Amino acid sequence: MTRRFVNRIRLAAVLLLALSGPSAAQDYPSRPIMLVVPYAAGGGNDVMARIVAEKMSKSLGQQIVIENKGGAGGSIATRPVAKAAPDGYTLGLGGTGTLAINPTLYPNVGYDPRRDFSAVGLIATSALVVLVHPSIEAQSISDLIALAKREPGRLNYASAGSGSGIHLGSELLAHMAGIRLTHIPYKGSSPALTDLLGGHVSIYLSSLPPAIALVKEGKVRALAVTGPKRSPIFPDLPTVSEAALPGYEAVLHYGIVAPAGTPQPIIDKLNTALKAALAEEDVRARIVADGAEPLATTPAEYAADIDREETKWSAIVKLSGARVE
């Protein structure tokens, strides 16, 4: 089946939905909705999707079924979402990796983050924390930068894989600081963190929850958080921006998208359900406990966020030289 033929089918579906107009949206949803999470179950993306899906299901009167499918940094599962019928019954969890990094990282990712999706809304953003092994004498992010300048290339950093948000956040830090660090990619966050604990790598930009106990027990040292403001999980830690590199920010974004052409009344109904979920105190508490900040938006605001994030991270992918075939 050619891409041209598939596009004609999609166009016909869009026209059919447009002709049915408000009645289709009024009856929506009349059956369960599938929310595709393009990563394995149990990770941060999966947790974020399940937290809001449970509440949205109650608001919409139909169950939102989570489908986990990993591979190629989330691209394998995101591609079919872009090609699904634009009827509101197939949604995707969008994120920094799939919508901002992968379109440049992979030469044939198979979708355009701006053209092929209708934004529903942001769920949350999540900063990282800069961790070092205790053998590294740096007590602050400024100390770390000074040490790296004195001994270029000696310090290495772990990532959850080439082209991951952790990899590119580290590259952005090195670029803005004018330092040279050696990249050691791993297949996931767990082995990267394990080797940091063992002293095999010097630096790791970790998600916040796994770092809490490790910092308290003195197994690693936390230097700064990567967000635009301090984290309630580590209130005494400065941001990288305030402590050393003004303007530095490496934050992961989570949101919900639908295939392009999904009727606006359906998008609005989904957005209303998402906002209602994010207004619930227990939902907000669970998101904060996972190290993220709840952030409700309109569809237009999330579309603008996707545009900004892709512009920012595509430039960093090119700067880093990362590429996955």
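Side notes on the structure shown:
- One residue stands out among those in region 194-213 that are aliphatic (A, V, I, L, M), at pLDDT below 95 and surrounded by fewer than 19 Cβ atoms within 10 Å (Cβ to Cβ): the one that is farthest from Asp290 (Cα to Cα), which is Ala213.
- Any chance Val288 is more than 29 Å from Leu105 (Cβ to Cβ), under 17 Å from the mean Cα position of the chain (by Cα) and touching a residue at least 40 places away in the same chain (Cβ under 8 Å): yes
- Extreme residue, nearest to Gly163 (Cα to Cα), among residues of region 33-74 that are at pLDDT 95 or above and assigned to a loop (DSSP other than H, G, I, E, B): Gln63
- Every residue from region 284-308 that is more than 11 Å from Ala124 (Cα to Cα), crowded, with 16+ Cβ neighbours inside 10 Å and among the hydrophobic types (A, V, I, L, M, F, W, C): Ala303, Ile306
- Residues in region 62-84 that are open to solvent by less than 60 Å² (accessible area, probe 1.4 Å) and of a type outside the set (A, V, I, L, M, F, W, C): Gln62, Asn68, Gly70, Gly71, Gly73, Gly74, Ser75, Thr78.
- Condition met for His183 (in a strand (DSSP E or B) and out of contact with any strand residue (DSSP E or B) (no Cβ under 6 Å at 6 or more places or on another chain)): yes
- Selection of region 96-142 for residues being hydrophobic (A, V, I, L, M, F, W, C), over 14 Å from the mean Cα position of the chain (by Cα) and within 17 Å of Ala260 (Cβ to Cβ) yields Val109, Phe117, Ala119, Val120.
- Restricted to region 222-243, and to residues there that are open to solvent by 50 Å² or more (accessible area, probe 1.4 Å) and outside any helix (DSSP H, G or I), the residue that is nearest to Ser135 (Cα to Cα) is Asp236.
- Hey, Arg114 over 22 Å from Ser320 (Cα atoms), among the basic types (Lys, Arg) and either surrounded by fewer than 18 Cβ atoms within 10 Å (Cβ to Cβ) or in contact with a strand residue (DSSP E or B) (Cβ under 8 Å, 6 or more places away or on another chain) (or both) or not: yes
- Some residue of region 127-135 being closer than 30 Å to Ile203 by Cα and surrounded by fewer than 16 Cβ atoms within 10 Å (Cβ to Cβ): yes
The values are calculated or read from the model by the stated rules, or taken from the named source; none is laboratory data. Given the structure is predicted, the values throughout are model-derived calculations rather than measurements. Counting neighbours? That spans all protein chains shown, and the Cβs are built from the backbone with ideal geometry, glycine included. Ligands, DNA and RNA are stripped out before the accessible areas are found, and what is left, the full protein with its side chains, is counted by its heavy atoms. Shrake-Rupley method; radii C 1.70, N 1.55, O 1.52, S 1.80 Å.
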